[in-house]
Structure formats: C-alpha cells, structure tokens
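Participant: This is the structure I have questions about; it appears just below.
No lab work stands behind these numbers, since they all come straight from the coordinates. What you see is a predicted model, and the numbers here were worked out from it, not measured in a lab. In this analysis, Cβ positions are derived from the backbone assuming ideal geometry, glycine residues included, and neighbour counts consider all displayed protein chains.
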Amino acid sequence: GEFPPARIAVANRIEELEIEGRAECEEEEAATEEYALTPRTFADKLATEYSGENGLVEAELMKELIGVQGALRSLASKLAEAARDVQLDVIATISVLLRNSRRNKREFRSIDGYSVIHKMFLGISDYTSQSSQVFLDKIFGITFTIILDGNKQELYASNIDALDLLFSLAAESDLHLEVRIRAVQTIHEVLIAHPLNAVSCRRVNGFSKLLSATCLIEPPDGVGRERAQSGEMQLAEQIVEILSYGGVLLSRHDSDIAEDMLRVVTEEAMHPCVRYLLCQCLRDLLRDRNSRQLKPVPPTFVSLLSSSLSRTSPPQPGAPSLTAEQESERSLYGFMRAPHITMRGGKWTGTIVLLEALAHSLHAGGGGAYIPLFHQGGGFDTLLTWFSADCPSAVVSLSLWLTLELVAVPPAGGAGDYAPTVARMLEITRLSAAKRMLLLTMLRTWLQELQATGGEHAAQLRSRLKDSGLVQSTLHLIDTGGPKVAREALVVMGSLVTSGERLRTWFENTVGCVSLSQSVIESAIKPDMAVLEVLLLIADDSGQLDHVISPSLLSPSSAPTDLIANTVLNVRRPAPRYASFLQSSRGGLPDPHASQHST
C-alpha cells in the first residue's frame, strides 16, 4: 500500500474505530439486562444469537457461555496468585476466551482483568535469569495475539483494552526496565503488523503516554558508552523510534505527534540526553514532511520554536542574571549549552538541531508564508543575537545562513520587508574581525548563487537589498575596516550592484565609480589586480567575478564544520525519515495466526 498511508485511509480507520466505540457503549448498556437472566434463559439467548444460515457456531457459543458464567473472573483471580508457569497457561486460556468475543472482552474489562495483568508485573525485580527472559517472551507474545484479536487478513489491533494495557506497561515508571522495554518492542510490532494500527495507538492516547513517560526517564551518571548502553537510554531510544514511526505513519492526516513533541521539548524539564533524542525526532519529522511536500505544519510550530530560541539565546549586556534552575542542564536554556549530550553530540549540538527544526518549519510554510509571522515575532532579532553572541562557530554560521535563506524569500501580504536584517548584521559594532569576515564571505557566496540563478526573483532580491541600506553598510566597512574586511566588503558590493543596468545606474547616480575608487585608495585595501578587476566590473561589467568569488556556499571559509554542511543540505534537499514500511526484526513474538494453549 501507499507509504505513509493516505489521508483518506487514516480518516476511514478513525471513523471505523469511532463506530466500534459507539457500538461498545450500546452493548455495555444492553449487558446490564443479561445479568438478571437465569443461566438457562441466558443460554437460550446465546443460542438464538448464534443461530443463522450457517447453523450454530458451537465454539463461539461455548466461549461466551464459559466467559460470562464466571470462568473469566475465576481465571483473573487465579492469575493474581499463581506461579509464573501457571500464569502463562492462565493468560493463554484468557486469550482464547477473549478472541473475537465482544461479550467476553466486555466482561473481562468489567472485572478489571487488564489491571490484574498489569499488577502481575509489579514487585518482580529480577528478570536476569533465562527463565525470566522466556517468561517475558511468552507473556508479551500472548499479549500481542490478544491485541490482534484473531484478525488474519488485516492485522488490525482490535482489542483496544489490551493495547491500552501495553502502553501502560511501557509508561509505568515503577515497573522493571526490562518489562517496559519488552512492552515498547511489542508496540513496535503492533505498528509493523498494520500501519493503520497507529490510529488505534492514538485512540488510547498511547503516543501521548509514551511522550510523557520519556520525560521522566533518568539515564545514569557518566558519559560516553557507559551511558549510551544503559537500560534507560535503550528505553528512551526505542520509545522515540515508535514516536518517529507513528508520526510518519499519520503524517498525511495530521502532525499531532510532532506538535505534542514540540510542546514537551520546549516547556518540560528533563534530562538533556532525553531532550536531545526528542529534539532529533522532532527535526526528523519536520524534515520528513518537507521531503514528501505534505501540508504545512500549524503556525504554532514557528511561534514556539522562535520563542524558545529567543528565551534561550545568550543574555545581552546588562540583562538580569539567570537563576540556578534556569541554568540547570534540565532546563531548555541549560540543554542548549550542555556539553557531551551523547557519544556523538558535543556542546551546543542541541542548538544546531533546534535551528534546523526551525528552518524546516519555515520552509514548510507554503513557500515562506510563515516568515512574516516569524519576522513579526522578533525571530530575525533572535537569529541576530545568536549570530553576534559568543557561541561556537557552528551556531554562528547556521544562524547567519538561516537568516540569508529567509531574507531571500519575498515578503508576502504586505508584511514588512526583512532584508534590512543583513545590513544590521554588518553594522554590529562589537563583532570580531573573524566573525565579520565570516558574514561577508557567506554574503558574497550567497549573492553569487543569486547571480547564477538569475530571473525576476534574483533581481527583486537585489533591489530589496539595495533599498535596505546594504550598499551604504559595505561602503562604511571599506572606509573603516582592516585590509581583509575592507577588501571583502568591496567584493560584496561588486556582487550586489553588477547585475542589471538599473542597479548599475542607481549606483553611479548615488555613489559613483570615481568616488568608490577614491575610497578604495584611501582605505586599508592593498590594491592589486583582483581589486582592480572588481572596480572594472562595477564600472562596465566586463570583469570576471569568478576570479574573486568562491563558487560554493559550503566552502571551508564559510562553513567551519561538516555539521553545518549537512544541515544546509538537509534543509535544501530533505530526505524522508522512512522510505517504506518497517519489517519485523524480532523472533520473540509468535505468529498471530498460530493457535495458543487450549482451554
């Protein structure tokens, strides 16, 4: 079938489950009358229900007679007291009685049978022995079969109560880690059994339960391999994998899982390792949506991400000091700076991930429709703060690159232009020479990309940059900057004003080539053939700009790490999180079609 499932397929499954839910409620009301019947009268009623064109279905009739006349209650009581090997036989028997029997499932729910199964796992602290591992394999295998409820063609998760139990076991912090991990693995198998089982998982609020439980996971102290291989991290990683796969399966219908994850990531306190996993998952879900060109995420994504980046940005001079709680690594502010988040992630890696998530949410906004919202909410000011602050070069570079990418999108619907942000960056007085050179180099290569693209869009953007005061800002740097900065500012000016007669005429009338030449002579620039080539190009467009402009935005001078290069490529050419449906890789779960223990 189609991957991810089509929107209409998800909507149809939602409707089917709602209809089944209403039928359950109606049957629940009718069931109260059955309790007043005598055993003989009740047996006659069942025989009438199961009589039809195909005759009496004896097996089904016997299951319901056995179930309602006290067998399920007796089995539930025995389950709470029996030894492990007996418990397996009891649950297998319960599985047979529940299969395809709404009446027995309703009866088992009314006697809190699923709570008895849940409590069975409490108080057991040792799962290291081989017998314990075999017990878990079998018990979750039977649970998997109960959830599928005997479905053979379409492996739907039809027993919603059993599915809810499975999520409760995965989310229960008082249970042994091994139990929770097995429960999570079984949920994974349920999603693999049929992609629309993601709808059933959401119906029992399963994804929300897992998300809340993930926030409470506390990996052990330590760094590197020791922490990465801990049971807590394995549990967190497997839960995040389910959230990721579930989010993709439902992505053509909505973005609810990603929305909930965004709120948790930006608002809840949690261990930085766990927050990092969730941030990666959120970024990957947004990247997946962009790769499939799905409908834009709600505008709340942009608002929450930009406000989170704003309140966690480096404090400005004179700002009040942060409290210990605000600076804690369990807070979002502390997380953005936390060193050694994982074996693979270094300091400030969380900031990089959230900046990419922001880029994806803005790119997904219908051709930049959300950028005005970002601008009005002070988003460009936030990026400017991250760029100018004392941060690692990777954060600075990505903040700058994202600013240029957003500025390139034309303002929509009468929104104010955000092109002046570039000139504002050039005019920051406290920038170091190295950071100013980074800005000029990236600006130069960005303009070169525009020149190679051409077209009306490029011409409009150059005009917007001209009107924003960028020429005046570069002139100021030519007059006041050191040799390298002034030279790079001259090249940037040449890249801006040498495309189109209109810009050239404006420049000649406003600044003039003679005046510019005089400024260059009086500046710190050392005149050579390359400088003369730029001046010649500005004068009559006969120079060769390729000699002085780097051909790639991802050159070493503009992108100090592979991390930034990968991030840029991920935003510009996003790849899907999953290419197709996942296949089961575990041998511990039984074939749902195979028979279980007989009664």
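Participant: So what's the gap between the Cα centers of segment 73-103 and segment 160-208, to the nearest angstrom?
Facilitator: Measuring centre to centre over Cα atoms gives 20 Å.
Participant: Starting at the first residue of segment 448-455, write each ³J(HN,Hα) from the Karplus equation 6.51 cos²θ - 1.76 cosθ + 1.60 with θ = phi - 60°, in whole Hz, x for Gly and Pro.
Facilitator: 5, 4, 4, 4, 5, 6, x, x
Participant: Roughly how many nanometres apart are two label points built 7 Å out from the Cα toward the Cβ at residue 535 and residue 237?
Facilitator: For residue 535 paired with residue 237, the spin-label model returns 6.1 nm.
Participant: Let me ask something else. On full extension of the chain, what length is gained from residue 327 through residue 569, given 0.36 nm per residue of separation minus the C-alpha to C-alpha distance?
Facilitator: The residue 327-residue 569 span can extend by a further 83.9 nm.
Participant: Pull out a ≥ b ≥ c, the square roots of the eigenvalues of the alpha-carbon gyration tensor of segment 355-396, then state rounded if a/c is under 1.5, prolate if not and a/b is larger than b/c, and oblate in the remaining case.
Facilitator: It comes out oblate by the Cα gyration axes.
Participant: May I ask you to give the average projected area over all directions of the convex hull of the Cα atoms of segment 369-455, in nm² rounded to one decimal?
Facilitator: Hull-based average projected area comes out at 6.0 nm².
Participant: When the Kirkwood hydrodynamic radius is evaluated over all pairs of different C-alpha atoms of segment 193-313, what value in angstrom, to one decimal, is obtained?
Facilitator: Evaluated on segment 193-313, it is 15.1 Å.
Participant: Once label points are set 7 Å from the Cα along Cα→Cβ at both residue 229 and residue 82, what is their separation, rounded to one decimal in nm?
Facilitator: 3.8
Participant: Given the alpha-carbon gyration tensor of segment 78-212, what are the semi-axes of its equivalent ellipsoid in whole angstrom, ordered largest first, with each equal to the square root of 5 times an eigenvalue?
Facilitator: Three semi-axes, in Å: 22, 18, 14.
Participant: Taking every eigenvalue of the Cα gyration tensor of segment 153-207, multiplying by 5 and rooting it, what semi-axes result, largest first, whole Å?
Facilitator: Working from the Cα gyration tensor, I get semi-axes of 20, 11, 8 Å.
Participant: What are the ³J(HN,Hα) couplings of segment 518-532, residue after residue, when phi is run through the Karplus curve with 6.51, -1.76, 1.60 and θ = phi - 60°? Round to Hz, x for glycine and proline.
Facilitator: 5, 5, 5, 4, 7, 8, 7, 5, 8, x, 8, 5, 5, 5, 4
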